[in-house]
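> One structure coming up, written as structure tokens, with questions to follow.
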Amino acid sequence: MKTLDAFLDDSSTDAPLAEVILRLASCCEAINNQLQRGELAGILGSAGADNVQGETQKKLDVIANDMLKDALKACPEVRGIASEEEDEVVGANLDGRYLVTYDPLDGSSNIDINSMVGTIFSVLESGERGSAVSEAEFLQPGRAQKAAGYVLYGPSMMLVFSTGNGVTMFTFDPEQSAWLQTVERVELDSDTKEFAINMSNHRFWAEPMRNYIDDLLKGSDGPRGKNFNMRWVAAMVADVHRILCRGGLFTYPWDARKPDQAGKLRLMYEANPMGLLVEQAGGEAWTDSGKILDIQPEKIHQRVPVILGSANEVMCCVGYHAGSDV
Ligand code: F6P
Ligand code: MN
């Protein structure tokens, strides 16, 4: 099996970009070590502070954020970072070429129940050199991403990423302390019978989404003519991983609980990286009105509605929204 280093060499990944990916992977190994020790490492529970999105931070959110920040600042190729846990963009090396956005611990409410979480990352290239890093450099559409991926901390630790030429998966072998390629190229089925949504928000959704889900629930008796299964891990990283493994549709739509908020998920370190992976695997990634990767971001913590996964199912869901305002 190919190691991560060998893959990056063989795929002629630009050396500075390969270096960023290797630093991210190595930092995630250290985060995984903390997670594996769980309660023993004293990392569970709230750190007491709210993050910039108004959510209570878990201790490990803070720790993982700091670990990634330190690792990326120490990488000469990184010019700046933007994290879910940082209000503002953070400068790294003035002459670095890359900007990294990340969600240090996605699905962090799962930490306390010893369930799956992950680190999501996106790498952009900056046209600037020498000057202090600014938010404006980060505001590039998802299609400009040079690399994107995640590390899933599950029963085994996995690294899944794309540099724009398909999606590949690595599994960490603790015995060899090495990342080994276990899926060369991910190919997502176009059709599916599985969907993922937080059903408890049903009454808050806009009508097109309610109609779509209601039709899925009617199964073989309804207009879709087949029965659907539902899964919800409550960690986007794990739900998307399942979809890359066996297909499906994942959505976190706009809802009326916070009507002024476009959605729950963040464009620049959740929707864009996952959108790139899903498109690169042959799937579709949409808001309710356009492709996620085409959105011109206005701010680093921007939120978007997300519908992604198996191509035909995503387009069916988007079709319910055609002609509606929401
Ligand atoms: O990062 C936000 C997030 O934790 C995602 O990972 C996940 O998909 C979603 O929120 C879970 O939301 P809810 O609490 O509504 O199930
Ligand atoms: Mn998240």
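The numbers here are math on the coordinates, done by the rules we state, and not lab data. Everything numeric in this text was worked out from a predicted model, so none of it was measured. For neighbour counting, all protein chains shown are included, and Cβ atoms are generated from backbone atoms with ideal geometry for every residue, glycine included.
> State, in angstrom, two size descriptors of the chain derived from its alpha carbons: Rg to one decimal place and Dmax to the nearest whole number.
19.1, 63
> Dipole of the chain (Lys/Arg Cβ +1, Asp/Glu Cβ -1, origin at the Cα centre): which of 177, 100, 305 lies farthest to the positive side?
Comparing the listed Cα positions along the dipole, 305 ranks first.
> Is it possible to state the helix-based mean residue ellipticity at 222 nm for the chain, with each DSSP H run of 4+ residues giving -39500 (n - 2.57), the sum divided by total residues, to the nearest 500 deg cm²/dmol? What is it?
Values: 8 runs with 91 residues, N = 326.
After summing the helix terms and dividing by the residues of the chain, the value is -8500 deg cm²/dmol.
> Quick check: net charge around residue 311, other residues with Cβ under 9 Å of its Cβ, Lys/Arg +1 and Asp/Glu -1?
Result for the neighbourhood of residue 311: -4.
> Looking at the range 4-183, I'd like the Rg to Rh ratio, where Rg is from alpha-carbon atoms and Rh is Kirkwood's inverse mean 1/r. Show your work: numbers first, answer last.
Working: Rg = 16.0 Å, Rh = 16.7 Å.
Here Rg/Rh amounts to 0.96.
> Measure out, as a whole number of angstrom, how far apart the alpha-carbon centroids of the range 191-223 and the range 242-278 sit.
16 Å
> Could you pull out every residue, at least 5 positions away or on a different chain, whose amide H is within less than 5 Å of the one on residue 265? Hs are placed 1.01 Å off N in the peptide plane, and Pro or chain starts have none.
Those qualifying (amide H under 5 Å, at least 5 residues apart or on another chain) are 304.
> Turning to a different aspect of this structure: Could you pull the Cα extents of the range 124-261 along its three principal axes, largest to smallest, in whole Å?
58, 42, 24
> Additional query: Which percent of the Cα-Cα distances in the range 240-325 go past 16 Å?
48 percent
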